[in-house]
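The values are calculated or read from the model by the stated rules, or taken from the named source; none is laboratory data. All of these numbers come straight from a predicted model, not from anything done at the bench. Note that each Cβ is placed from the backbone with ideal geometry, even for glycine, and that neighbours are counted across all protein chains shown.
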Amino acid sequence: MFDAAASLLVTLKSIVGEANVLTADADVASYVTDWRERYRGRARAVVRPGSTDEVAAVVRCCAGHRVPVVPQGGNTGLCGGATPHATGDEVVLTLTRMNRVRAIDADDATMTVEAGMPLASVQQAAAAAGMVFPLSLASEGSCAIGGNLSTNAGGTAVLRYGNARELVLGLEVVLADGEIWNGLRGLRKDNTGYDLKQVFLGSEGTLGIITAAVLKLFPSPRTSATAWVALEDVAAAIALLRAMRQAIGDRLTGFELVSRDCIALARAQFPALPDPLPGHPWYALVQAEDAASHSPLRTEIETALAEAIEAKIALDAVIAGSEAQAAGLWALREHIPDAQKRQGPTIKHDIGVPIARIPAFLARAEQALDDAFPGVRYVVFGHLGDGNLHYNLSAPAGIDAAVFIEHTGRATAIVYDLVAEFGGSFSAEHGIGQMKREAMVRYKAPIELELMRRIKQALDPHATLNPGKVV
């Protein structure tokens, strides 16, 4: 009797080698659970191709067997987009072996890299060439650039450089039938019809599998300044943002908002973290950079902050005196997600709200959530410079976190309804995955969903690429 499952595995092993087709439970365990450990799935196999041709051959093989493929990079996603379902009929295709720099062009200021390259390695390769790739986020040591592009990652430098899609000039993509589209062009101007790369950026592997990309590079900063600013409220943070933009223009790279409760949480879990300016309700982490080696940037920052304190916009401020101190300030911000994970399950929201409306949104949301969940604790931080908040809820004191998580649907409806009312987005930078598909139906316009479904049908008619995600 013909065994289709066995035939599939034999073919996959012939493509990538037996050592790169994993089927034992112990070997596949880390690939079928998401970073938050919220989603746990099963897989026929985990396949580790080492080249674009091997990716294409694997996809052709799976398409021929009508076996769904779940692309995966560093598996650090937060919405279950890279986690297989519990059915066990999918193949996880991990790109971690495709981790090479293909080319660096200093004159064009571009770098061509493979999709499985960790983001930190991309940054290091750019730095070795005397330039910078500015995408930066807390998981950069383990997330892969292909995953960053497939979710249109944001991070801490969006204020100056934009989201991931704005840092890409060209892509190489394996389509649902195994055909390869080579769009690895580093042109700044190419007005020849549809910008096809934008179809795949942010599509979470549902339309094609990104295997390589041409990335924009920028001059390395030779002068930088990092400041930690104490604030009375979020309205003051917005006023400070406006003042800093006026003072230093596009040299303002990052502007992070952090609440006092976030600091307490991070330092409770990581006591070695610094505690600059303790006791204030809100803080801003300000990052500025200049490519000029003799820039007056630090003096300009000091002057702007002094004026902000004099105008009672800011309560107090410190400027890092060394790279180590700057790293310590950033570590305080970047350890918040890990601290939350250690504390236990929380109800997380990655939202975007027009900057000017954030204070009113926060007030309305807190009132509604306090009424629904008395004693709920707020863990609010994010990229204020682009209106992206991580609006997270922890269980009230004395309530088991697992019990509180059972109220996720109700809490999230309160938050998302208000986000919609304020003209915002229920997913600012983490993507949709499987977590937010219901929100897509509730908050996206029907015509938008229909257009997305048409694109999906056109590029993946048999729904074999990451099914059950996004749309």
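Structure values in brief
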| item | result |
| --- | --- |
| Criterion violated by Q367 - all others in (1) in contact with a Leu (Cβ under 7 Å, 6 or more places away or on another chain); (2) outside the structural domain of G254 (by TED's automatic domain parsing); (3) over 26 Å from G162 (Cβ atoms); (4) not acidic (D, E) satisfied | (1) |
| From L305, L369, L315, L329, residue being touching a His at 6+ places or on another chain (Cβ under 8 Å) and touching a residue at least 12 places away in the same chain (Cβ under 8 Å) | L315 |
| Residue satisfying condition, being among the β-branched types (V, I, T) and assigned by TED's automatic domain parsing to the domain that holds T303, within set T253, T192 | T253 |
| Meets criteria (modelled with pLDDT of 95 or more and within 22 Å of V70 (Cα to Cα)) for S150 | yes |
| R48 vs. criteria among the charged types (D, E, K, R), within 23 Å of L184 (Cβ to Cβ) and touching a residue at least 24 places away in the same chain (Cβ under 8 Å) | yes |
| Qualifying residue in the range 321-341 (condition: over 28 Å from Y161 (Cα atoms), acidic (D, E) and not in a strand (DSSP E or B)) | no |
| Helices (runs of 4 or more DSSP H) (entirely within the range 192-269) containing at least 3 residues that are of a type outside the set (F, W, Y), buried (at least 20 other Cβ atoms within 10 Å of the Cβ) and touching a helix residue (DSSP H, G or I) at 6+ places or on another chain (Cβ under 6 Å) | 234-248, 260-269 |
| Cβ pairs under 9 Å, 6+ apart, first in the range 51-71 and assigned by TED's automatic domain parsing to the domain that holds G41, second surrounded by 24 or more Cβ atoms within 10 Å (Cβ to Cβ) and of a type in the set (K, R) | V70/K469 |
| Residues located in the range 345-361, provided they are in a helix (DSSP H, G or I) and within 16 Å of E256 (Cβ to Cβ) | I355, I358 |
| Lone unmet requirement of (1) surrounded by fewer than 23 Cβ atoms within 10 Å (Cβ to Cβ); (2) within 15 Å of N466 (Cβ to Cβ); (3) under 19 Å from the mean Cα position of the chain (by Cα) for R36 | (2) |
| A304, sole failed condition from (1) in a loop (DSSP other than H, G, I, E, B); (2) farther than 24 Å from L389 by Cα | (1) |
| Subset tally (residues that are acidic (D, E) and surrounded by 15 or more Cβ atoms within 10 Å (Cβ to Cβ)) for the range 270-290 | 2 |
| Odd one out for Q434 among (1) surrounded by 17 or more Cβ atoms within 10 Å (Cβ to Cβ); (2) under 23 Å from F361 (Cα atoms) | (2) |
| Lone unmet requirement of (1) in contact (Cβ under 8 Å) with a residue 12 or more places away in the chain; (2) outside any loop (DSSP other than H, G, I, E, B) for D275 | (2) |
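For (1) part of a loop (DSSP other than H, G, I, E, B); (2) modelled with pLDDT of 95 or more; (3) under 18 Å from the mean Cα position of the chain (by Cα), each residue gets a yes or a no:
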| residue | (1), (2), (3) |
| --- | --- |
| D27 | no, yes, no |
| R42 | yes, yes, no |
| V59 | no, yes, no |
| L78 | yes, no, yes |
| T83 | yes, yes, yes |
| D108 | yes, yes, no |
| V113 | no, yes, no |
| Q123 | no, yes, yes |
